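Asker: What follows is a single structure, and I will ask about it in a moment.
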Amino acid sequence: MKPRVFITRQIPENGIKMIEQYYEVEVWRDEKEPPREVLLEKGRNVDALVTLLSDRIDREILDNAPRLRIIAQYAVGYDNIDIEEATKRGIYVTNTPDVLTEATADFAWTLLLATARHLVDADKFVRSGEWKRKGVAWHPLMYLGYDVYGKTIGIIGFGRIGQAIARRAKGFNMKILYYSRTRKPEKERELGAEFKSLDELLRESDFVVLAVPLTKETYHMINEERLKLMKPTAILVNIARGKVVDAKALIKALEEGWIAGAGLDVFEEEPYYDEELFKLKNVTLAPHIGSATYGARYAMAELVARNLIAFAKGEVPPTLVNREVLNVRKPGFGR
């Protein structure tokens, strides 16, 4: 009899077909995440879960999932999962790194360029008919933006995605600064990047891109005090996690001109709505779509499947997050 897996959202079919070879699969077909009570109910009778960032997998869920042996996260981040509790119980947790790196780095640049050049507002200007009504074909002062080529970019978080953002910055002949928990001398040489303290980076950068995981240390890392360190001509881009930025402080910074603009793909709460932020013209907003390319999302589904299949075969999943679990229970079911 095959082990049972509950997939909390419809992922690309290539992954589901692979998983079906080894598991009895149930997929939550609603576009919205399963309600808490549904997740509790499904967890009681499954051996595996495929989860998304919006699925909170905490002690209560784990207490009600006696058969659960593996959680395959369809994302790089996994701050929605209580890793410590899962490890104690011998539950393996996997994620999907690498396969969405390039797509997310591309989107960081999409937000950076769109914000620097007021693209969204200019698009509305044309679509609304206002350009035609105004009757001005071209004007030297129309929609002036900020130069990108040759400027300084500061990347906070220098893992896979941060480094991919830096590689693209080289093509723009930018000075590349970075901040991370540990220095990376080899990457500094390879990418021509310079390590700075967080405050130095904020003071010196024309563009600041956030690419850090959400941890206790990074929660509200960008707050009122640090926003005031930035140049009034600087632009902040967040493709990390919404809670890395204090949203109220950012709105104040945008309204009062402490910084020139922001490009945001992530928010403190998702889905998100804030009229005060949305009325501002110096911010570009997206609904957490950094990895939303066919290539990235299909590769993520395949990696989820590979993790589940490896575990079912009694092998260590390729992108195991909590390697300490190997000391608690060997991979595989019925062990």
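The values are calculated or read from the model by the stated rules, or taken from the named source; none is laboratory data. Bear in mind the structure is a predicted one, so any value in this text is a computation, not a measurement. Ideal geometry is used to build each Cβ from the backbone, glycine not excepted, and the neighbour counts take in all protein chains shown. Protein only, heavy atoms only, side chains kept; ligands, DNA and RNA dropped before computing areas. Shrake-Rupley method; radii C 1.70, N 1.55, O 1.52, S 1.80 Å.
Asker: Tally up the residues in segment 80-105 that are in a helix (DSSP H, G or I) and within 12 Å of Met300 (Cα to Cα), please. So that I can check it myself, show each step before the final result.
Answerer: Residues of segment 80-105 that are in a helix (DSSP H, G or I), as a first pass: 83-88, 101-105.
Those still in the list that are within 12 Å of Met300 (Cα to Cα) too: 101, 103.
Summing the residues that are in a helix (DSSP H, G or I) and within 12 Å of Met300 (Cα to Cα) in segment 80-105 gives 2.
Asker: Would you pick out the residues in segment 116-150 that are over 22 Å from Gly263 (Cβ atoms) and part of a helix (DSSP H, G or I)?
Answerer: Glu130, Trp131, Lys132, Arg133, Lys134
Asker: For Ile16, indicate whether it is open to solvent by less than 80 Å² (accessible area, probe 1.4 Å), free of Cβ contacts under 8 Å to residues at least 40 places away in the same chain and in a helix (DSSP H, G or I). Lay out the reasoning, then the answer.
Answerer: Numbers: open to solvent by less than 80 Å² (accessible area, probe 1.4 Å): yes; free of Cβ contacts under 8 Å to residues at least 40 places away in the same chain: no; in a helix (DSSP H, G or I): yes.
Against the criterion (open to solvent by less than 80 Å² (accessible area, probe 1.4 Å), free of Cβ contacts under 8 Å to residues at least 40 places away in the same chain and in a helix (DSSP H, G or I)), Ile16 does not qualify.
Asker: Now for a separate question. If a residue counts only when it is within 19 Å of Glu224 (Cβ to Cβ), touching a residue at least 40 places away in the same chain (Cβ under 8 Å) and under 15 Å from the mean Cα position of the chain (by Cα), which helices (runs of 4 or more DSSP H) contained entirely in segment 235-335 have at least 2 such residues?
Answerer: Numbers: elements: 247-256, 275-278, 294-312.
Counting at least 2 such residues, we get no helices (runs of 4 or more DSSP H) at all.
Asker: Scan segment 291-302 for residues that are in contact with a Gly (Cβ under 8 Å, 6 or more places away or on another chain) and either on the phi > 0 side of the Ramachandran plot or open to solvent by less than 10 Å² (accessible area, probe 1.4 Å) (or both) and jot them down.
Answerer: Initially, segment 291-302 is screened for residues in contact with a Gly (Cβ under 8 Å, 6 or more places away or on another chain), giving 298, 300-302.
Result: Met300, Ala301.
Asker: For segment 80-139, which positions are more than 30 Å from Gly15 (Cβ to Cβ), in contact (Cβ under 8 Å) with a residue 40 or more places away in the chain and either open to solvent by 60 Å² or more (accessible area, probe 1.4 Å) or acidic (Asp, Glu) (or both)? First the steps, then the outcome.
Answerer: Let us first name the residues in segment 80-139 that are more than 30 Å from Gly15 (Cβ to Cβ), namely 112-139.
Next cut, in contact (Cβ under 8 Å) with a residue 40 or more places away in the chain only: 112, 114-116, 118-121.
Scanning segment 80-139 gives Leu119, Val120, Asp121.
So that you can scan it fast, the table gives a plain yes or no per residue for (1) more than 17 Å from Tyr92 (Cα to Cα); (2) modelled with pLDDT of 95 or more; (3) out of contact with any helix residue (DSSP H, G or I) (no Cβ under 7 Å at 6 or more places or on another chain):
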residue: Ile16; (1), (2), (3): yes, yes, yes
residue: Ile19; (1), (2), (3): no, yes, no
residue: Trp28; (1), (2), (3): yes, yes, yes
residue: Glu37; (1), (2), (3): yes, yes, yes
residue: Ala48; (1), (2), (3): no, yes, no
residue: Leu52; (1), (2), (3): no, yes, yes
residue: Arg56; (1), (2), (3): no, yes, yes
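Asker: Let me ask something else. Here is a list of conditions, (1) surrounded by fewer than 20 Cβ atoms within 10 Å (Cβ to Cβ); (2) over 19 Å from the mean Cα position of the chain (by Cα); (3) part of a loop (DSSP other than H, G, I, E, B), and Glu217 meets all of them except one; can you say which number that is?
Answerer: (2)
Asker: Working only within segment 173-214, note down all residues that are under 19 Å from Val244 (Cα atoms) and open to solvent by 60 Å² or more (accessible area, probe 1.4 Å).
Answerer: Passing the criteria: Tyr179, Arg181, Thr182, Glu200, Arg203, Pro213.
Asker: Within the bounds of segment 141-152, is there any residue that is touching an Asp or Glu at 6+ places or on another chain (Cβ under 9 Å) and closer than 26 Å to Leu52 by Cα? Steps first, answer last, please.
Answerer: Applying the first criterion (touching an Asp or Glu at 6+ places or on another chain (Cβ under 9 Å)) to segment 141-152 yields 143, 146-148, 151-152.
Those left that are additionally closer than 26 Å to Leu52 by Cα: none.
Checked against the condition, which is being touching an Asp or Glu at 6+ places or on another chain (Cβ under 9 Å) and closer than 26 Å to Leu52 by Cα, segment 141-152 yields no hits at all.
Asker: Checking Ile57 against (1) closer than 28 Å to Ala166 by Cβ; (2) open to solvent by less than 20 Å² (accessible area, probe 1.4 Å), only one condition comes out false. Which one?
Answerer: Result: Ile57 passes all but (1).
Asker: Suppose we keep only residues that are among the basic types (Lys, Arg) and closer than 17 Å to Asn80 by Cα within segment 231-275. Which one would you say is least open to solvent (accessible area, probe 1.4 Å)?
Answerer: Within segment 231-275, the subset among the basic types (Lys, Arg) is 231, 241, 243, 248, 252.
Narrowing the set further to residues that are closer than 17 Å to Asn80 by Cα leaves 241, 243.
On the way: Arg241: 43, Lys243: 85 Å².
Going through the qualifying residues, I end up with Arg241.
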